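First comes the structure, then the notes that go with it.
The values are calculated or read from the model by the stated rules, or taken from the named source; none is laboratory data. Just so it is clear, the model here is predicted, and its values are computed rather than measured. Only protein heavy atoms, including side chains, enter the accessible area calculation; ligands, DNA and RNA are left aside. Shrake-Rupley method; radii C 1.70, N 1.55, O 1.52, S 1.80 Å.
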Amino acid sequence: MQIVLVEPNKAARPVEIEDNLHAMQALVGGPIQALYPWEDPVALICNDEGKILGLPLNRVLGDYEIIAGTFFICGAEGDHFSSIPKELQKKYEEKFKKPEAFLKMGRSIMAIP
């Protein structure tokens, strides 16, 4: 399955993984959580316990949600994950091309590209 891998402090890149739960869990380091933050037919797959485990902060989604730990973006066909379509692969590689640094300011966290 072709995905876009996004690791903390690294540029997003395309990767081929096996199309099974074990491979997905191994990649994110634990139980997976699927998010659907965009209208495109894609899913963002991350570690469901990333923040609880204190995994490194990775990227900001929208204006508020921060993903902790490694995550990936794949195609979503109903309740099944699939390879990300080529045109969307390029879009999300570009979207997550630049790593972000995080700065704690009082009770807030600020993301710096």
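The HN-Hα couplings worked out from phi for the range 61-77 by the Karplus form 6.51 cos²θ - 1.76 cosθ + 1.60 (θ = phi - 60°) are 9, x, 9, 9, 7, 10, 8, 9, x, 5, 9, 9, 10, 9, x, 10, 10 Hz, whole numbers, x standing for Gly and Pro. For the chain, the longest principal axis of the C-alpha atoms and the axis of helix 86-95 are separated by about 10°.
Which entries in Lys10/Lys91; Lys10/Lys90; Lys51/Lys90; Lys10/Lys95 show an alpha-carbon gap greater than 20 Å? Correct reply: Lys51/Lys90. Contact order, relative form, for the chain: 30 percent (alpha carbon pairs under 8 Å, 6 or more residues apart, mean separation divided by residue count). Expressed as a whole percent, the accessible surface of the range 3-113 that belongs to carbon and sulfur atoms is 53, based on a 1.4 Å probe.
Here the Debye sum runs over all C-alpha atoms of the range 38-100 as equal scatterers in vacuum, and log10 of I(q)/I(0) at q = 0.13, 0.16, 0.19, 0.27 Å⁻¹ comes out as -0.37, -0.57, -0.78, -1.24. Post the alpha-carbon centroid distance, the range 65-113 to the range 1-29, in whole angstrom. Distance between centres, Cα-based: 12 Å. Note on the chain: helix-only mean residue ellipticity at 222 nm, from DSSP H runs of 4+ residues weighted -39500 (n - 2.57) and normalised by residue number, equals -4500 deg cm²/dmol. Solvent-accessible surface of the chain, taken per residue with a 1.4 Å probe and all protein chains present: 59 Å².
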